[in-house]
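The values are calculated or read from the model by the stated rules, or taken from the named source; none is laboratory data. Not measured: the values here are computed from a predicted model. FYI the Cβ positions are ideal-geometry reconstructions off the backbone, even for glycines, and counts take in every protein chain you see. Areas reflect the complete protein model, heavy atoms only, side chains present, ligands, DNA and RNA absent. Shrake-Rupley method; radii C 1.70, N 1.55, O 1.52, S 1.80 Å.
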Amino acid sequence: SVVAFDKRSGKEVWCAESDWGNSYASPVVARLHGADRIMVFAGAESEPPTGGLLCIDPENGRVDSAFPWRARVVYSVNASTPVVVGGDSVFISESYTRGGTLVRFSPEFQPRQVWANKKFAMHFITPVLKDGHLYGIDGQHQGEARLVCVDAGTGAELWSDPLTWELTLNGDAKRIGVCRGNLIMADGAFLCLGEFGSLLWLDLSPAGCRILSRSQPFLAAQTWAPPAISHGLLYLMQNSRDVVTGTGPRLICFDIRRP
């Protein structure tokens, strides 16, 4: 499920030895105990259902350890990217029964579970770590999704917020929300792109959630790709047709640089 390539020539450098299949999560470089390691959350759809967190030596592709963490169903996703916590721990999460867990690695890169929380279950959202707390959107389905803050050290939930509001569409007031949205951090605040195209700036802390601003660049389902910011430009991916304007899928760029 993991292959390294020379970025200049495209030549394969190594292939990790693992029976766990690929997933939707991106590999992450982690600095653990002063050494670089590649963390891969492997194993999406597979039969038999296997997968979890692989710790890999980036020099040669050797798998130092494999921590099983996957639902016992074939159609699990494993799409949330691992989050490095401190200098020895990694957080992973799935939403098909097991939820989230923090794994601590020994100096020999052997894993030990620190805590698990079934109610901090990321579907395809990668949570954000800030000041010892993890902020993410829990929930496998739209109707149950909620923004949650947990203590990264203990896994204890501090608060949750469904983040919903009323939107007038064709003269009718409808309830809409972030649902299974995505979070990134920029300039000390959190930018949230909701599942139906809502865009919010949020002030998140252990004390709660405060909406700084909210807009609706488009109204389209399956807005699952996280927003991206580069050099003051904001990129949003509209993945389906806008139900208001009829505009089809597109990549949108906004200039958010200060005047």
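Before moving on, here are some points about what is shown:
- Checking the stated criteria, Ile256 turns out to be within 30 Å of Gly132 (Cβ to Cβ), touching a Gly at 6+ places or on another chain (Cβ under 8 Å) and of a type in the set (Val, Ile, Thr).
- Qualifying residue in region 182-196 (condition: more than 29 Å from Gly246 (Cα to Cα), in contact (Cβ under 8 Å) with a residue 60 or more places away in the chain and part of a loop (DSSP other than H, G, I, E, B)): no
- Some residue of region 5-12 being outside any loop (DSSP other than H, G, I, E, B), more than 24 Å from Gly181 (Cα to Cα) and in contact with a Ser or Thr (Cβ under 7 Å, 6 or more places away or on another chain): no
- None of Pro82, Pro68 is surrounded by fewer than 17 Cβ atoms within 10 Å (Cβ to Cβ) and either closer than 28 Å to Cys15 by Cα or within 20 Å of the chain's Cα centre (by Cα) (or both) except Pro68.
- Top-ranked residue of region 207-221 - restricted to ones that are small (Gly, Ala, Ser) and farther than 17 Å from Ile176 by Cβ, ranked as surrounded by the most Cβ atoms within 10 Å (Cβ to Cβ): Gly208
- Qualifying residue in region 209-220 (condition: within 18 Å of Phe124 (Cβ to Cβ) and free of Cβ contacts under 8 Å to residues at least 60 places away in the same chain): yes
- Considering region 94-108, the residues that are at pLDDT 95 or above and surrounded by fewer than 18 Cβ atoms within 10 Å (Cβ to Cβ) include one that is nearest to Thr50 (Cα to Cα), namely Arg104.
- Scanning region 190-203 finds one or more residues that are modelled with pLDDT of 95 or more, under 28 Å from Phe41 (Cβ atoms) and of a type in the set (Asp, Glu).
- When the criteria are applied in full, Val77 fails the requirement of being within 20 Å of the chain's Cα centre (by Cα), of a type in the set (Val, Ile, Thr) and not in a loop (DSSP other than H, G, I, E, B).
- When region 231-252 is filtered for residues that are surrounded by 13 or more Cβ atoms within 10 Å (Cβ to Cβ) and either touching a helix residue (DSSP H, G or I) at 6+ places or on another chain (Cβ under 8 Å) or of a type in the set (Gly, Ala, Ser) (or both), only Ser240 remains.
- Within region 241-252, residues that are closer than 12 Å to Thr223 by Cβ have Cβ atoms under 8 Å from residues that are open to solvent by 90 Å² or more (accessible area, probe 1.4 Å) and in a loop (DSSP other than H, G, I, E, B) in these pairs: Pro249/Arg241, counting only partners at least 6 apart in sequence or on another chain.
- Restricting region 197-206 to residues that are assigned to a strand (DSSP E or B), open to solvent by 10 Å² or more (accessible area, probe 1.4 Å) and out of contact with any Pro (no Cβ under 6 Å at 6 or more places or on another chain), the residue that is farthest from Leu163 (Cα to Cα) is Ser205.
- Selected residue (criterion: nearest to Pro206 (Cα to Cα)) from residues of region 134-178 that are open to solvent by less than 60 Å² (accessible area, probe 1.4 Å) and charged (D, E, K, R): Asp151
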